[in-house]
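S.K.: My structure is below; once you've seen it, I'll send some questions.
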């Protein structure tokens, strides 16, 4: 049905809301009026949310909206893109996962002006000195990807890990500032990055209503927005005042040339952008913009924690590219941490996975930037001494990056001297060893605090990914004496031992036993990451596994051999060597190897180049390979594995439940698709890999 311009629509500028009774309308008259009402409501939404210039009173808008609902109900005319569908659909059992059209990376940041100048110098060196920047607020909300096809809203996902996120399509559909249909001459495909938030004024009203209902208030707008967006019941989301700013086009069939062109074009399509964005070619103007916005921060109706500066020219951005985690062409200039003054009521010492002892101040609760803080880090024993801080002192508490609370300084001294750091571990009474400014418990896995955290990490995603072994269950196993002083105790547990414990039934016990059994032959890199070597996470463990191939070679490697591995410096090499030289660690690993046999990793010289020159992308799930395993397999044989399909992609491997975006991109770029594991393995066999 053809659309009607605003000037031709009787329900736009001065709408007549004296409607005939619904029962007097024919089906055709109802459909025509519904079309006019939908276009009118969308127009008024645009004037209100995007233009910030409404042309009708709230009561008039409400009359139009109610009339539209009545007609759709009476004549069964509901459609997914109708404005009335913002009330929310049926509750969900869980949030599914969606792959992003392109990676949603983070931005390198600093609170120092010199770091911003250094970023600008680097940009000018790499672009022959002719750089224009776009500056915009750095919103403290929740990043989302929103997708439009042929002008119609089709899906939305949270940022997640940058490559895939939670499917929040139905929840985002309820946000009034997210149009169900775009306006004007929109592109066939448009993928946007936006920030979902709750305006400060609406947040205060939301909390007032919660308190009146006897519910706990939300701690801050960001937490409220994040929790609301992940609601399993979209009708709950619809009741809360979520809003959104769009600030980046991730993918589009429209050929933008600059970020500023995106900023000016999106409102014409009905999409809300922030009016405080500016463009400049001078880094000192960037710094001035940040300072002005910081001064205006208390008066803004949304939370920000800094500003973002990015290179305006998109072709230059493409050439600059990205690191594994950051865009090279953007930088976040953060605001100083917010601070408040309160009193230390006690000091406790926490024991970490590696035995590191961290002093924590317990505080009289204080609101720091919208978050109630009752605990704050005191860093280490040297910091306690240098600040001369003790129980009873008034201190300034700040939130690093507006997130992590810590004690910054003593404001008024009430106690004599500083807190005496314990010489014995508060958990196991083992001697405390000092290494520079840091303190460590020497009890090893005989210390139950270290044991619990070591087991939790061993079973985590960064370790062997053993489901069903969270902190509470690990503590229960330790309390029951099933885990005493070794990771290997996990493999001595029997099903009957678990069934007798609270919280475990027959099924959950059998599931855990199956998980433990499946973990007995891990990849070497996973094993190295899991056993708690200082400074060795998944990435460094992967480098070690590829360089040395088997566990014995890693355990006996010299410091020089370790330092020769790409990405490992002298300090990390020293810590790895010391870890394996420790008699206690040697006993733990030998004990563990009685049950666990890490698989060897082929070295670069053993793998070959059978897939040299090919670039793979994987989507969906393969029966016998995780995505990381499949990527590692092709990379070990000379190929590249990337996360998104482009003109440089040679093959897309599509398993079960593949991402439609990658399939579409493969079609657009004439990339062959290997359908399923059988086709993938057939290629590997033909190339001599299998």
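S.K.: Between 288, 296, 281, 301, which is surrounded by fewer than 17 Cβ atoms within 10 Å (Cβ to Cβ), in contact with a helix residue (DSSP H, G or I) (Cβ under 7 Å, 6 or more places away or on another chain) and more than 20 Å from residue 398 (Cα to Cα)?
M.R.: Values: 288 fails: in contact with a helix residue (DSSP H, G or I) (Cβ under 7 Å, 6 or more places away or on another chain); 296 fails: in contact with a helix residue (DSSP H, G or I) (Cβ under 7 Å, 6 or more places away or on another chain); 281 fails: in contact with a helix residue (DSSP H, G or I) (Cβ under 7 Å, 6 or more places away or on another chain).
Being surrounded by fewer than 17 Cβ atoms within 10 Å (Cβ to Cβ), in contact with a helix residue (DSSP H, G or I) (Cβ under 7 Å, 6 or more places away or on another chain) and more than 20 Å from residue 398 (Cα to Cα) holds for just one of 288, 296, 281, 301, which is 301.
S.K.: If you don't mind, there's one more thing I want to ask. Checking residue 233 against (1) surrounded by 15 or more Cβ atoms within 10 Å (Cβ to Cβ); (2) modelled with pLDDT under 95; (3) farther than 27 Å from residue 97 by Cβ, only one condition comes out false. Which one?
M.R.: Unmet for residue 233, out of (1) surrounded by 15 or more Cβ atoms within 10 Å (Cβ to Cβ); (2) modelled with pLDDT under 95; (3) farther than 27 Å from residue 97 by Cβ: (3).
S.K.: Additional query: Within the bounds of region 176-194, is there any residue that is in contact (Cβ under 8 Å) with a residue 60 or more places away in the chain and on the phi > 0 side of the Ramachandran plot?
M.R.: yes
S.K.: Next question, about the same structure. Among the residues that make up region 496-505, is at least one of them part of a helix (DSSP H, G or I) and closer than 27 Å to residue 629 by Cβ?
M.R.: First, the residues of region 496-505 that are part of a helix (DSSP H, G or I): 496-499.
Pick out the ones that are also closer than 27 Å to residue 629 by Cβ and you get none.
For region 496-505, residues part of a helix (DSSP H, G or I) and closer than 27 Å to residue 629 by Cβ: absent.
S.K.: From 15, 80, 54, which residue is modelled with pLDDT under 80, within 33 Å of the chain's Cα centre (by Cα) and not assigned by TED's automatic domain parsing to the domain that holds residue 175?
M.R.: Numbers: 15 fails: within 33 Å of the chain's Cα centre (by Cα); 54 fails: within 33 Å of the chain's Cα centre (by Cα).
On inspection, the qualifying residue turns out to be 80.
S.K.: Looking only at residues in region 305-342 that are under 18 Å from the mean Cα position of the chain (by Cα) and outside any strand (DSSP E or B), which one is modelled with the lowest pLDDT?
M.R.: Within region 305-342, the match that is modelled with the lowest pLDDT is 324.
S.K.: Given (1) in a helix (DSSP H, G or I); (2) over 26 Å from residue 121 (Cβ atoms); (3) at pLDDT below 95, where does residue 264 come up short, assuming only one miss?
M.R.: Here residue 264 meets the rest and fails (3).
S.K.: Has region 272-280 got at least one residue that is part of a helix (DSSP H, G or I) and over 20 Å from residue 107 (Cβ atoms)?
M.R.: Just the residues of region 272-280 that are part of a helix (DSSP H, G or I), to begin with: none.
No: zero hits.
S.K.: Go through region 304-319 and count every residue that is surrounded by fewer than 17 Cβ atoms within 10 Å (Cβ to Cβ) and either closer than 22 Å to residue 163 by Cβ or touching a strand residue (DSSP E or B) at 6+ places or on another chain (Cβ under 6 Å) (or both). Please lay out each step first, then the result.
M.R.: Kept after step one, since they are surrounded by fewer than 17 Cβ atoms within 10 Å (Cβ to Cβ), are these residues of region 304-319: 315, 318-319.
Those left that are additionally either closer than 22 Å to residue 163 by Cβ or touching a strand residue (DSSP E or B) at 6+ places or on another chain (Cβ under 6 Å) (or both): 318.
Looking only at that region, the number is 1.
S.K.: Name the residues in region 551-594 that are surrounded by fewer than 13 Cβ atoms within 10 Å (Cβ to Cβ) and closer than 23 Å to residue 521 by Cβ, would you?
M.R.: 552, 556, 590, 594
S.K.: Sticking with this structure for a sec: Among the residues of region 287-301, are any closer than 13 Å to residue 136 by Cα and not in a helix (DSSP H, G or I)?
M.R.: no
S.K.: Among the numbered conditions (1) under 28 Å from residue 662 (Cβ atoms); (2) touching a residue at least 24 places away in the same chain (Cβ under 8 Å); (3) touching a strand residue (DSSP E or B) at 6+ places or on another chain (Cβ under 7 Å), tell me where residue 243 comes up short.
M.R.: (1)
S.K.: Test residue 488 against the stated conditions and say whether it is under 16 Å from residue 595 (Cα atoms), in contact (Cβ under 8 Å) with a residue 60 or more places away in the chain and part of a helix (DSSP H, G or I). Lay out the reasoning, then the answer.
M.R.: Working: under 16 Å from residue 595 (Cα atoms): yes; in contact (Cβ under 8 Å) with a residue 60 or more places away in the chain: yes; part of a helix (DSSP H, G or I): yes.
Judged against the criteria, residue 488 is a match.
S.K.: If you don't mind, there's one more thing I want to ask. Scan region 228-251 for residues that are part of a strand (DSSP E or B) and touching a helix residue (DSSP H, G or I) at 6+ places or on another chain (Cβ under 9 Å) and jot them down. Full working, then the answer.
M.R.: The first filter runs over region 228-251 and keeps only residues part of a strand (DSSP E or B), leaving 243-251.
Answer for region 228-251, where residues must be part of a strand (DSSP E or B) and touching a helix residue (DSSP H, G or I) at 6+ places or on another chain (Cβ under 9 Å): 243, 244, 246, 247, 248, 249, 251.
S.K.: Tally the residues that are more than 24 Å from residue 465 (Cα to Cα), out of contact with any helix residue (DSSP H, G or I) (no Cβ under 7 Å at 6 or more places or on another chain) and without any contact (Cβ under 8 Å) to a residue 60 or more places away in the chain, restricting the search to region 609-648.
M.R.: Qualifying residue count for the region: 11.
S.K.: Before we move on, is residue 38 part of a helix (DSSP H, G or I), in the same structural domain as residue 10 (by TED's automatic domain parsing) and more than 16 Å from residue 8 (Cβ to Cβ)? Talk me through it step by step, then tell me what you get.
M.R.: Values: part of a helix (DSSP H, G or I): yes; in the same structural domain as residue 10 (by TED's automatic domain parsing): yes; more than 16 Å from residue 8 (Cβ to Cβ): no.
When the stated conditions are applied, residue 38 does not pass them.
S.K.: Can I ask one more? Can residue 330 be described as closer than 30 Å to residue 107 by Cα, in the same structural domain as residue 120 (by TED's automatic domain parsing), in contact with a strand residue (DSSP E or B) (Cβ under 6 Å, 6 or more places away or on another chain) and in contact (Cβ under 8 Å) with a residue 60 or more places away in the chain?
M.R.: Taking the combined requirement at face value, the residue satisfies it.
S.K.: Oh, and also: In the set 73, 62, 93, which member is part of a loop (DSSP other than H, G, I, E, B) and at pLDDT below 90?
M.R.: Details: 73 fails: part of a loop (DSSP other than H, G, I, E, B); 62 fails: part of a loop (DSSP other than H, G, I, E, B).
Going through 73, 62, 93 in turn, just one is part of a loop (DSSP other than H, G, I, E, B) and at pLDDT below 90: 93.
S.K.: Where the second residue is modelled with pLDDT under 85 and surrounded by fewer than 17 Cβ atoms within 10 Å (Cβ to Cβ) and the first is more than 16 Å from residue 157 (Cα to Cα) and lies in region 656-669, which pairs have Cβ atoms under 6 Å and are six or more apart or on separate chains?
M.R.: 656/621; 669/647
S.K.: Also: Quick test for you: out of 477, 451, 445, pick the one residue that is surrounded by 16 or more Cβ atoms within 10 Å (Cβ to Cβ) and modelled with pLDDT under 85. First the steps, then the outcome.
M.R.: On the way: 477 fails: modelled with pLDDT under 85; 451 fails: modelled with pLDDT under 85.
One residue alone meets the criteria, 445.
S.K.: Looking at region 519-533 only, could you name the residues that are surrounded by fewer than 17 Cβ atoms within 10 Å (Cβ to Cβ) and within 17 Å of residue 455 (Cβ to Cβ)? Working first, answer last.
M.R.: Going through region 519-533, the residues surrounded by fewer than 17 Cβ atoms within 10 Å (Cβ to Cβ) turn out to be 520-521.
Answer for region 519-533, where residues must be surrounded by fewer than 17 Cβ atoms within 10 Å (Cβ to Cβ) and within 17 Å of residue 455 (Cβ to Cβ): just 520.
S.K.: Separate question: From 512, 544, grab the single residue that is out of contact with any helix residue (DSSP H, G or I) (no Cβ under 6 Å at 6 or more places or on another chain), not in a loop (DSSP other than H, G, I, E, B) and not assigned by TED's automatic domain parsing to the domain that holds residue 637. Lay out the reasoning, then the answer.
M.R.: Details: 544 fails: out of contact with any helix residue (DSSP H, G or I) (no Cβ under 6 Å at 6 or more places or on another chain).
On inspection, the qualifying residue turns out to be 512.
The values are calculated or read from the model by the stated rules, or taken from the named source; none is laboratory data. No experiment lies behind these values; they were computed from the predicted model shown. Please note: Cβ atoms are built from the backbone with ideal geometry, for glycine as well, and neighbour counts cover all protein chains shown.
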